[in-house]
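The values are calculated or read from the model by the stated rules, or taken from the named source; none is laboratory data. All values derive from a computational prediction rather than experimental measurement. No Cβ is skipped: glycine too gets one built from the backbone with ideal geometry, and neighbour counts run over all protein chains shown.
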Amino acid sequence: MLTFSSKTRVFAYPAPCDMRKSFNTLSGLVAGMGHDVMEGDVFAFVSKNRKRAKVLYFDGTGLCLLAKRLSEGQFARLWGHGDDVITLSPNELALLIEGCDVVGRMPLSPAPLDVEHARRIRPTDFK
């Protein structure tokens, strides 16, 4: 099982992807999205028929490529929202890999906590 910290940024490619692509070609798609795969972000790609998905990330020592083919069902359709890159949480990525079909259509994780705002809250603010 893959585990990423809650601070890991996860992006999904906004179009169906040819699953014959490997490290270098997928890295080129990441660069086309305006990101650098070597920064430690995670990138998800889904095939046109939504039976296959790949996840590309840099673990600090090299590029890692996870590939999965579902025997039943389909992965979520991560495109159709224009050319905008879809941002997922690490938990949503885990759901995508498990075959959950609502990923990318609605937020499944709470918004990140604004630590600076939380520090300014005092008990008197709740009276």
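So which pairs qualify, if the first residue must be in the range 52-67 and in contact (Cβ under 8 Å) with a residue 24 or more places away in the chain, the second must be assigned to a loop (DSSP other than H, G, I, E, B), the Cβ gap must be under 6 Å, and the two must be at least 6 apart or on different chains?
Every condition considered, the pairs that remain are 52/19; 53/75.
So residue 52 passes all but one of these: (1) touching a strand residue (DSSP E or B) at 6+ places or on another chain (Cβ under 7 Å); (2) within 16 Å of residue 9 (Cα to Cα). Which condition number does it fail?
Looking at each condition in turn, residue 52 falls short on (2).
Just to verify a result, which residue in the range 101-127, among those that are of a type in the set (Gly, Ala, Ser) and surrounded by 10 or more Cβ atoms within 10 Å (Cβ to Cβ), is modelled with the lowest pLDDT? Step through it out loud before you land on a result.
We begin by selecting, within the range 101-127, every residue of a type in the set (Gly, Ala, Ser); these are 104, 109, 111, 118.
Adding the requirement that they be surrounded by 10 or more Cβ atoms within 10 Å (Cβ to Cβ) leaves 104, 109.
Values: 104: 63, 109: 60.
Among those residues, the one meeting the criterion is 109.
Which ones in the range 69-100 are modelled with pLDDT under 85, under 26 Å from residue 5 (Cβ atoms) and of a type in the set (D, E, K, R)?
Scanning the range 69-100 gives a single hit, 84.
Which condition from (1) of a type in the set (Gly, Ala, Ser); (2) touching a residue at least 60 places away in the same chain (Cβ under 8 Å); (3) more than 13 Å from residue 88 (Cβ to Cβ) is the one that residue 6 breaks?
The single condition residue 6 does not satisfy is (3).
Pick from the range 21-34 the residues that are touching a Lys or Arg at 6+ places or on another chain (Cβ under 9 Å) and surrounded by 15 or more Cβ atoms within 10 Å (Cβ to Cβ): which of them is farthest from residue 84 (Cα to Cα)?
Applying the filter and picking the extreme gives 21.
Within the group 76, 44, 53, which residue is hydrophobic (A, V, I, L, M, F, W, C), assigned to a loop (DSSP other than H, G, I, E, B) and crowded, with 18+ Cβ neighbours inside 10 Å? Before you say what the answer is, go through the steps one by one.
Working: 44 fails: assigned to a loop (DSSP other than H, G, I, E, B); 53 fails: assigned to a loop (DSSP other than H, G, I, E, B).
Among 76, 44, 53, only 76 is hydrophobic (A, V, I, L, M, F, W, C), assigned to a loop (DSSP other than H, G, I, E, B) and crowded, with 18+ Cβ neighbours inside 10 Å.
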